[in-house]
Amino acid sequence: MPRPPSDDGYDSDSGSEFEASDVQLGLADGPLEVDDEVNPLVSRIGGRAAWLPMTSSPTKEVAECNSCKQQMQLLVQIFAPLVESSYDRCLLVWGCARPACQRKDTSSLRVIRTLKFNKRWAAKLEKQKAKRLEREQAKKERDAAAAKAKQEQEERAKVNPFAAGAGGASAGIGGMLFGGGADNPFAAPTASTATAESAEKDESEDEDDEDSEDEEESESERLAEELALKSDLAATTPSTDSAWVESSARYPPLYLNTIPEPSSSSLSKKLSKEEAAMLKSASATGALASNDIDDADLRGFAKEGYEKMLLDGIDDTFERFLKRVSVEPRQAVRYEFGGEPIAFHAKGKMYDLLWPKEPKAKAGEGVAVTKSQFKSGAPAQGERAFSARGVPPCPHCGGERVFEAQLMPNLINLLKADKIQAADGSVDADAHTSAAAEGDEEAKRKAAIEQALGRRLPSDKKESGEATFDARTGLVWSTAFVFVCKNDCCASEDGEQDGGDECWREEVILAQFEDES
């Protein structure tokens, strides 16, 4: 994912210091321009997939819901090449907007990574490697010269006790007053001191030259890479398997730009129970707003269980989630390859899978505190440590999978089911409708709330049958975690890792829901 510096200003009167962490926050940044829709270097929210210049693109099955077998919509596409990798790389996540599918399991979410070997970038990496080896060799030679000069000086001092370096008589009046050369401001620098200073100066100049070169090359290289990619796309014959993208239904596309996450030193606000409940239901209230349902309607039906679930379901983990997110509420995606996600709450099978229970510590042993827990101010006692050991390994290379990205509740607010467009730009009509909305006004209001929440509300009469809807009413999970192959493998047909020029691989995505138990 591109990582431009943040232009956002934070409140200087808050007394908190904001420092960049390793996490990048993805924010929506306005409608995507038409020219950028086919550019895979441009990260996006919604829209349609933009493939790297591959001769064999993924087929439409990658965007098919494993539950209802219907086509899903693209949620995000992230251009995310890894450091020191010669491959262009994208992550693409699709999601089904039917609550009936989402509440069965996470098969309604699918993610793939696409890889394409970039010979231009590979040549640059080789050039950088050669420069780095050259600098390392030069540093070794300078260190060796400095060590040799120091050794020669020590040998001379042993032979001549009156040498300047020994602080003897030849050190002069300055030596008698101030001692040896190290303490004498009037003494001439020794050979070892001069050599060391020269080495430090050369090393500093090398670093300055390297930084200057990087700054000069970054912008020009970015533009050159854009032009080269467009040329590659124009020269690549589109695969017949990729034609489905043109006719796919999609959310209105938005730019996805990034800022560094501020440090957790700002996470000092204690949220009230009411504030937590309000933020916890952000996805639901956002969906309700689109149906013009007032608070009185919601309160009337929420008394039957939903409101109680919100208030009683708050735990310390969820409160820490809110504190972390409140630093930048606009975040739609969190990105950190090999990092750690933040749990929405401490309930459900996904929490137990990713934050497994550890054996209780014996008396006097204490409890270890992870780096992430320390940074977020999490209490050590009873806190579970994140672990990706429960995530299935890569089936192609056998490598473990690591966390890379997290989809946040604000993404749900940005992607409304009633805004999904057909290929011609018109609102895409869903084939499934809710029969409950055919009744009187009260039934319609209740049906609208149920569709927004993705489930039926309890009623006086005992209901039978499926308690969810087949209608495409929106995303109902609260957060989702993307895990990818740690090796970023791209095996060739003969099985040799990193032997292929291009490939795509399906990875793992897991979700948490707000009302899990």
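Readers should treat all values here as calculations from the given coordinates under stated rules, not as data from a laboratory. All figures in this text were calculated on a predicted structure; none of them were measured in a lab. When we count neighbours, we look across all protein chains shown, and the Cβ atoms used for this are built from the backbone with ideal geometry, even at glycine.
Determine, from the Cβ-Cβ distance of E64 and E136 and an R0 of 51 Å, the FRET efficiency 1/(1 + (r/R0)^6), rounded to the nearest 0.05.
Details: r = 50 Å, r/R0 = 0.99.
With R0 = 51 Å, the Cβ-Cβ based efficiency is 0.50.
Among K230/K419; K127/K230; K323/K347; K69/K446; K69/K104; K349/K446, which pairs are too far apart, with a Cα-Cα distance over 22 Å?
K230/K419; K127/K230; K69/K446; K349/K446
Over segment 67-122, what lengths in whole Å, largest first, do the semi-axes of the equivalent ellipsoid take, defined as the square roots of 5 times the eigenvalues of the alpha-carbon gyration tensor? Could you put the intermediate results ahead of the total?
Numbers: eigenvalues 199, 16, 12 Å².
Its equivalent ellipsoid spans semi-axes of 32, 9, 8 Å.
Pull out the extension gain between Q151 and K349, defined as 0.36 nm times the separation in residues minus the alpha carbon to alpha carbon distance; nm, one decimal.
Net length gain for the segment: 64.8 nm.
Once amide H atoms are built 1.01 Å from N in the peptide plane, which residues 5 or more positions from N257, or in another chain, come under 5 Å H to H?
Amide H to amide H, under 5 Å and 5 or more residues apart or across chains, N257 pairs with L27, D29.
With the crude spin-label approximation of a point 7 Å out along Cα→Cβ, what separation in nm comes out for Q71 versus S107?
Distance between label points: 2.1 nm.
Kindly rank 60-67, 73-80, 118-125, 337-344 from highest to lowest mean number of other beta carbons found within 10 Å of each residue.
So the peptides 60-67, 73-80, 118-125, 337-344, ranked by packing, come out 73-80, 337-344, 60-67, 118-125.
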